[in-house]
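As structure tokens, the structure follows; a few thoughts come after it.
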Amino acid sequence: MLLQLLGIKVRIFGLQNIKNKNSKVVIMNHESALDIPILTAALPLSIRFMAKKELFRIPLFGWAINLARHIPIDRRNPRKAIAVINRVSDELIRQRYSIVVSPEGTRSYDGKIAPFKKGAFRLAEIHRLPILPVLILGARYCVPNKRLSINPGIVEVHIENEVHLSDYPNMKACISDLRDQMITQKEHYEEKRKQNQLD
């Protein structure tokens, strides 16, 4: 409803790649302030997000995400952050929630996919969960960085095949492969968008 009011249409590709509604670690690229409502609208899963703890202090919004039991991350205290992640994710996974993580760690301000951190992959390893890669394309044009305005537009959400860490020789290979796939697909989208503007 929020996205409709803002004039943002979401096109979803790859819903057939979600085989069941069991818990997963969902990894997504992070390019706009609307990524959370976009992904919530796109995925037919019960999901909870990891988000920087500063968001939990925002009046109304922060209270809402706290009541919904999203996971606050204290970037200044990694040890405390890990403890919170482990405690809350244990509870959520027992209730068949999927955990959404941006492995970049923060929003991309140049549109490029930053190096991935290991947190999401360690979570998948500890809980023996599949990893569901999701790519959000076009959101940064609807919510330009450092601007308060929101532009109507079309956002694409691409849901890829689930993978398991056991599909790869090690965690590093999994991280590298999934990031490379996202980069390739994003570059193709940006090139196609540029061409459409020229036409």
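Tally up the residues in the range 157-199 that are farther than 28 Å from ARG122 by Cα and in contact (Cβ under 8 Å) with a residue 24 or more places away in the chain, please. Talk me through it step by step, then tell me what you get.
Step one: filter the range 157-199 for residues farther than 28 Å from ARG122 by Cα, giving 188-199.
Those left that are additionally in contact (Cβ under 8 Å) with a residue 24 or more places away in the chain: 189-190, 193.
Looking only at that region, the number is 3.
On the given criteria, is SER89 buried (at least 17 other Cβ atoms within 10 Å of the Cβ), out of contact with any strand residue (DSSP E or B) (no Cβ under 7 Å at 6 or more places or on another chain) and modelled with pLDDT under 90? Explain how you work it out, then say what you get.
On the way: buried (at least 17 other Cβ atoms within 10 Å of the Cβ): yes; out of contact with any strand residue (DSSP E or B) (no Cβ under 7 Å at 6 or more places or on another chain): no; modelled with pLDDT under 90: yes.
For SER89, the condition - buried (at least 17 other Cβ atoms within 10 Å of the Cβ), out of contact with any strand residue (DSSP E or B) (no Cβ under 7 Å at 6 or more places or on another chain) and modelled with pLDDT under 90 - is not met.
Would you mind stating whether ILE154 is closer than 30 Å to GLY7 by Cα and touching a Ser or Thr at 6+ places or on another chain (Cβ under 9 Å)?
no
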Requested in this report: Restrict the check to the range 21-41 and report whether at least one residue is of a type in the set (Asp, Glu) and out of contact with any helix residue (DSSP H, G or I) (no Cβ under 7 Å at 6 or more places or on another chain).
Outcome: no
**Report entry** Complete set of residues in the range 45-104 that are over 23 Å from GLU162 (Cα atoms) and polar (S, T, N, Q)
**Finding:** ASN66, ASN77
Query raised in the report: among the small types (Gly, Ala, Ser), over 25 Å from ARG128 (Cβ atoms) and under 18 Å from the mean Cα position of the chain (by Cα): does that describe ALA41?
Result: yes
Query raised in the report: In the range 46-80, which residues are outside any helix (DSSP H, G or I), within 16 Å of the chain's Cα centre (by Cα) and surrounded by fewer than 18 Cβ atoms within 10 Å (Cβ to Cβ)?
Result: SER46, LYS52
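Could you list, in sequence order, all residues of the range 28-38 that are within 8 Å of the chain's Cα centre (by Cα) and within 15 Å of GLY153 (Cβ to Cβ)?
Pass one, the range 28-38, residues within 8 Å of the chain's Cα centre (by Cα): 28-30, 35-36.
Once the filter is applied, which keeps residues that are within 8 Å of the chain's Cα centre (by Cα) and within 15 Å of GLY153 (Cβ to Cβ), the range 28-38 yields only ASP35.
Taking SER102, is it at pLDDT below 95, surrounded by 20 or more Cβ atoms within 10 Å (Cβ to Cβ) and closer than 20 Å to ASN17 by Cβ? So that I can check it myself, show each step before the final result.
Working: at pLDDT below 95: yes; surrounded by 20 or more Cβ atoms within 10 Å (Cβ to Cβ): yes; closer than 20 Å to ASN17 by Cβ: yes.
Answer is yes for this residue.
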Report task. Can you confirm whether the range 112-120 contains a residue that is in contact (Cβ under 8 Å) with a residue 24 or more places away in the chain, more than 18 Å from THR184 (Cβ to Cβ), out of contact with any helix residue (DSSP H, G or I) (no Cβ under 6 Å at 6 or more places or on another chain) and not hydrophobic (A, V, I, L, M, F, W, C)? Result -> yes
Query raised in the report: Which pairs have Cβ atoms under 6 Å, sit 6 or more apart or on different chains, and link a residue in the range 6-32 that is in contact (Cβ under 8 Å) with a residue 40 or more places away in the chain to one that is polar (S, T, N, Q)?
Result: ASN17/ASN161; SER23/SER98; LYS24/SER98; VAL26/SER98; MET28/SER102; HIS30/SER102; GLU31/SER108
Requested in this report: Hey, can you tell me all the residues within the range 14-44 that are among the small types (Gly, Ala, Ser) and surrounded by 19 or more Cβ atoms within 10 Å (Cβ to Cβ)?
Outcome: SER23, SER32, ALA42
**Report entry** Hits in the range 143-191 - residues which are under 17 Å from LYS9 (Cβ atoms) and more than 17 Å from the chain's Cα centre (by Cα)
**Finding:** ILE150, ASN151, PRO152, GLY153, ILE154, TYR189
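The values are calculated or read from the model by the stated rules, or taken from the named source; none is laboratory data. Keep in mind that this is a model prediction, so the values were computed, not measured. Ideal geometry is used to build each Cβ from the backbone, glycine not excepted, and the neighbour counts take in all protein chains shown.
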